[in-house]
Amino acid sequence: MSQFSQPAGLGGQSELGQFNLGSEEKGRKKVTSRKKKKVDAKTDRTKLTDEEDELLVSAWLNVSQDPVVGTDQSRETYWGRIAKYFNTYKKESMMPRTEKALINHMKLITDAVTKFTVHYRRVEQLNPSGMNERDKMARACSAYKAIEGKPFAYTHCWVLLAEHPKWHAHETAKAQKSSVPTVSGGAYERQLQDISETKKVMVELKKEQLEVMRLQATVRMNDQDERIMKVDLDTVSGPLREYYRKRQEDIMARWKLLENRE
């Protein structure tokens, strides 16, 4: 019997009955489809953990170097295999991920790792004496943050990709399409120095702005204090008299405290 053959007992239904059954089936499919889209949207919005990042990178590498299919496959087939690998080998605690979510996240990873690799290679070109691997990584991370404006968040992915032939091929292909000019070691150091100096200037400007704002606030407060202290309590009555009396007492207490500090 076919997997989708009609169950026994339904053969005598009228055409109208069959039509209604089909309509109900379509309705169930639509509801199921809507539920699936809601689930997909929820999983796609959930940020991937470092462990999920590493699984995605492993899927990307394994599917790419599979001798049976290699990269000679459509984009849909390629990412379908990556999604299948990811969802097959993920831990039970991990959420399933859609192809779209994995494509978008892998682009974030490859873009960030590509930029970081440029910084790392330039640090290597500087050939600093006495600098070990950890020092190079730290300096490359500092350079990345200085130039890109945010920390490098995918060190765990870079470790998996850095020496892999698939990544080298990816880098080569991307470099051929890129128009980014080569920067010498000295120019790179000057670029970092300029950024550092610019940040120092921005910090000082920010401090000056905050000081101006503080002084402006002080002036406004002093003007308000003076206005309140000039209120003659004998000319006001009721709740308003009590309000101004309390404000005047607070102002006097604050100024006495400032005098004692000086």
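Before moving on, here are some points about what is shown:
- Screening TYR78, TYR89 for residues that are open to solvent by 70 Å² or more (accessible area, probe 1.4 Å), of a type in the set (Phe, Trp, Tyr) and either in contact with a Gly (Cβ under 8 Å, 6 or more places away or on another chain) or farther than 30 Å from ARG190 by Cα (or both) leaves exactly one candidate, TYR89.
- Considering only residues in segment 57-89 that are of a type in the set (A, V, I, L, M) and touching a helix residue (DSSP H, G or I) at 6+ places or on another chain (Cβ under 6 Å), the one that is modelled with the lowest pLDDT turns out to be VAL63.
- Sub-6 Å Cβ pairs linking a first residue in segment 87-102 that is under 18 Å from ASP50 (Cβ atoms) to a second residue that is open to solvent by less than 50 Å² (accessible area, probe 1.4 Å) and of a type in the set (Gly, Ala, Ser), at least 6 apart or interchain, are LEU102/ALA83, ordered by first then second residue.
- Under the condition of being polar (S, T, N, Q) and open to solvent by less than 70 Å² (accessible area, probe 1.4 Å), the residues counted in segment 236-252 number 1.
The rows are residues; the columns are (1) hydrophobic (A, V, I, L, M, F, W, C); (2) at pLDDT 70 or above; (3) farther than 20 Å from TYR120 by Cβ; (4) in contact with a Lys or Arg (Cβ under 7 Å, 6 or more places away or on another chain).
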{"position": "THR172", "(1), (2), (3), (4)": "no, yes, no, no"}
{"position": "VAL180", "(1), (2), (3), (4)": "yes, no, no, no"}
{"position": "VAL203", "(1), (2), (3), (4)": "yes, no, yes, no"}
{"position": "VAL231", "(1), (2), (3), (4)": "yes, yes, yes, no"}
{"position": "ASP234", "(1), (2), (3), (4)": "no, yes, yes, no"}
{"position": "ARG247", "(1), (2), (3), (4)": "no, yes, yes, no"}
{"position": "ILE251", "(1), (2), (3), (4)": "yes, yes, yes, no"}
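- Residues of segment 144-155 satisfying the condition of being exposed (fewer than 13 other Cβ atoms within 10 Å of the Cβ) and not small (Gly, Ala, Ser): LYS150, PRO151
The values are calculated or read from the model by the stated rules, or taken from the named source; none is laboratory data. A quick note: this is a predicted structure, and the numbers were derived from the prediction, not measured. Quick reminder, even Gly has a Cβ in these numbers, built from the backbone with ideal geometry, and neighbours come from all protein chains shown. Surface areas here come from the heavy atoms of the whole protein model, side chains and all, with no ligands, DNA or RNA. Shrake-Rupley method; radii C 1.70, N 1.55, O 1.52, S 1.80 Å.
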